[in-house]
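Student: I'd like to ask you about the structure that follows.
The values are calculated or read from the model by the stated rules, or taken from the named source; none is laboratory data. Since we're looking at a predicted model, the values are computed, not measured. A quick note on method: Cβ atoms are made from the backbone with ideal geometry, for glycine too, and the neighbour counts reach across all protein chains shown. Accessible surface areas use protein heavy atoms only, side chains included; no ligands, DNA or RNA. Shrake-Rupley method; radii C 1.70, N 1.55, O 1.52, S 1.80 Å.
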Amino acid sequence: MSRRTRGRDVVLVESVQLRAMTGPVVTVPVAPSADPVVPVVPVVDTADPDAVYEVWTAYLDQPTRQLRDRLVLHYTPLVRSVAHRVAAGLPSYVERADLVQCGIFGLIDAIERFDPQRCPRFESYAGQRIRGAIFDELRAQDWVPRSVRGRVRDLERAQERLESRLLRTATDRELAQELGVPVHELRMLTRQVQLISVEALEESSGGVSELFADDAAPDPMVVVQSHETLRQLSVAVEQLGERDRTVVRLYYLENRTLAEIGSLLGVTESRVCQLHSRLVGRLRGRLEELAAG
């Protein structure tokens, strides 16, 4: 297929995929006219290859937005196919719909720039354009410098080479020797990758907080809950009677036994046990009321 020059013949190749073929061709004479040629816009039927061929013929003769949009609709499945293959090698947080949207722009560019004389098969040409548009957008949105990405790739390749030779996990010193850098520089690169890598943030279930978490430090939420429980318990104890408060102080703060508490209060051990059970029930009920609001 070739572009038609007004007043001359148009040479058509009978191939839906626009392949270059040998053999006889069909020559359609076109009468010269001073009036502008208005192309007939056929409806693209995906089940009819001839319909697609007719749209391409009309578009190459006189490119219009209407014809281009029909071709875009027809080749949209090609964009989805390319986006699906690209998404297979990307992290899960990359939306496939965003890749398709970027690929549509690559498809439009491919349709507008397509020259059947240089590339007879449109699908091959468009696939490269679509893939390039997707990767251009991914690079534009990537906040990690390309130099760091390159160093990360070098580190991963060196690690793979060493582990295949050693049949075990390579140490930092061995990796540094393989890369020809000092050990401290290798460790610095590793820390840098952990901090800025989007993949590391995605793989960490808790996000950035887990990358900087101090396992030895207490959980702030647990600390707040404990303080609040102690405050509510203190309020509930203050509402008890004097003898009950004495039992709480002797049993929980001074670690006295029930027999010792009974001796101090002048009652039997069983009575102290009854007092203790009763005040514990009161405190539990009061805390439940405070928790319920």
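Student: Might you work out the accessible area of ARG271 for me, using a 1.4 Å probe with all protein chains in place, and round it to the nearest 10 Å²?
Tutor: So the heavy atoms of ARG271 present about 80 Å² to solvent.
Student: DSSP loop (so not H, G, I, E, B), at most 16 other Cβ within 10 Å: list which chymotrypsin sites (Phe, Trp or Tyr not before Pro) in segment 58-95 pass both filters.
Tutor: TYR93
Student: Might you work out the accessible area of VAL223 for me, using a 1.4 Å probe with all protein chains in place, and round it to the nearest 10 Å²?
Tutor: Estimated to the nearest 10 Å², VAL223 gives 60 Å².
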